[in-house]
DNA sequence: CCCATTTACATACCATCGGTATGCGGAGAG
DNA sequence: CTCTCCGCATACCGATGGTATGTAAATGGG
């Protein structure tokens, strides 16, 4: 095995193992010793790949999780033709993606802001999930579907609403809960229309 | 000084000092050693008052912060006569209260869920800030101002939107940002009216 | 083909942290 | 005045994140 391959492989295993552990037990409750043991390497390898240590490793895990969610949102949106339907479909996709895997919530919504700080978390969020939301809203403003207004406050309001809703959905066993939260969300979105 | 007084005093100092430190540097970055040194006591005193250790101490700090914010929200709402105006005033008060003191955000919105877990954080939240929101919405539903619908999803959506907005406002220096986020929020709230 | 060099990791170690067990002085009850 | 118990201090421990150093193998120029 070539050197670049080995490097990438070790790094990938480290991220994958950490993602699993962080997802089930949370960032603070998982020690580096367990991570490297599960990954079959040592702390030397970990710090070779992630100079920043544990937080840096978490950063990589979060990036992967956000990329996954972002892909799901984009895919759902692309399946629709009408821009408004794309927005709604994206919102629904985000909620389902965040609810399906419990680890996503924990990593993305609970530990993320605490470990990296809110500003850095937000920067990463705006590179994936929130970016789709911002682009969709911008498009709707430009085409006159929703009234002209600053998009950034809207993104923060809606993003926050959906993040919290995702956390709530995870605890609500009822399968109808998704619709129970989507209905008022869509209704409130409707208020933005011109 | 009597014994009960001394006890309450030590506990209050511990909470106050911790609140200050957690607010400025975050839960994880503050050690117990610094807390007890600043408070002028020792770890023995800390564990005498807070059996659960650091997390238990944080719980007390969070409860105090939430109580402060809850009071501010309730006061603003009580100043209005019309139930709808009370809701809007409460939202505005929450955003201003969360923005005024940077520590409030850090403790209540960032570290809170990560340290105590989201479910416990939510339970505490629903005892203060979110409770006012829930009561206001329930009242509006009962009086027919907004359409009959489950209140709980609404509370989560709005609570999440405002929490995230508060974090965003803190980073946005512009003084007009509060209105920039309140305007679309109120507009979306309007969509709930019957 | 060979040697110099870098790379990818292992090992050993350290400082600090949260947490606990025990000791003690002084307030309060009788 | 004495005994008791409460509030807190002291001393200590295991575990954790982090670092400094060692090392074998891959790489690339001559």
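Annotations
- Test: residue in segment B:63-76 that is surrounded by 18 or more Cβ atoms within 10 Å (Cβ to Cβ), touching a residue at least 12 places away in the same chain (Cβ under 8 Å) and more than 20 Å from residue B:112 (Cα to Cα): yes
- On inspection, residue B:55 passes the criterion of being touching a helix residue (DSSP H, G or I) at 6+ places or on another chain (Cβ under 9 Å), on the phi < 0 side of the Ramachandran plot and modelled with pLDDT of 95 or more.
- Condition met for residue A:46 (away from every other protein chain (no Cβ under 14 Å), within 15 Å of DNA strand C (Cβ to nearest atom) and under 22 Å from residue A:104 (Cα atoms)): no
- Take the conditions (1) within 14 Å of chain A (Cβ to nearest Cβ); (2) within 16 Å of DNA strand D (Cβ to nearest atom); residue B:91 misses just one of them, which is (2).
- Residue B:55 being within 14 Å of chain A (Cβ to nearest Cβ), assigned to a helix (DSSP H, G or I) and within 13 Å of DNA strand C (Cβ to nearest atom): yes
- Residue pairs meeting the criteria (Cβ under 6 Å; at least 6 apart or on separate chains; first within 14 Å of residue A:50 (Cβ to Cβ), in segment A:1-15; second more than 9 Å from DNA strand C (Cβ to nearest atom)): A:15/A:60; A:15/A:61
- Filtering segment B:165-187 to residues that are within 24 Å of residue A:125 (Cα to Cα) and in contact (Cβ under 8 Å) with a residue 12 or more places away in the chain leaves B:165, B:166, B:167, B:168, B:169, B:170, B:178, B:181, B:182, B:185.
- Search result, residues across segment B:1-28 that are near DNA strand C (Cβ under 8 Å from one of its atoms) and in a helix (DSSP H, G or I): B:3, B:4, B:5, B:6
- Residue check for residue A:26: within 16 Å of DNA strand D (Cβ to nearest atom) and either away from chain B (no Cβ under 14 Å) or touching a strand residue (DSSP E or B) at 6+ places or on another chain (Cβ under 6 Å) (or both): no
- Number of the condition not met by residue A:132 [criteria: (1) out of contact with any helix residue (DSSP H, G or I) (no Cβ under 8 Å at 6 or more places or on another chain); (2) over 26 Å from residue B:112 (Cα atoms); (3) away from chain B (no Cβ under 12 Å)]: (1)
- Leading residue by the ranking (nearest to the chain's Cα centre (by Cα)) among those in segment A:53-83 that are within 16 Å of DNA strand D (Cβ to nearest atom) and closer than 13 Å to residue A:107 by Cα: A:62
- Residue list for segment A:29-52, restricted to those being surrounded by 14 or more Cβ atoms within 10 Å (Cβ to Cβ), outside any helix (DSSP H, G or I) and either touching a residue at least 60 places away in the same chain (Cβ under 8 Å) or near DNA strand D (Cβ under 10 Å from one of its atoms) (or both): A:30, A:50
- In summary, residue A:173 fulfils each of the numbered conditions (1) surrounded by fewer than 22 Cβ atoms within 10 Å (Cβ to Cβ); (2) within 8 Å of another protein chain (Cβ to nearest Cβ) with the single exception of condition (2).
The values are calculated or read from the model by the stated rules, or taken from the named source; none is laboratory data. Worth saying up front: this structure is predicted, and the values here are computed from it rather than measured. All Cβ positions, glycine included, derive from the backbone under ideal geometry; neighbour counts span all protein chains shown.
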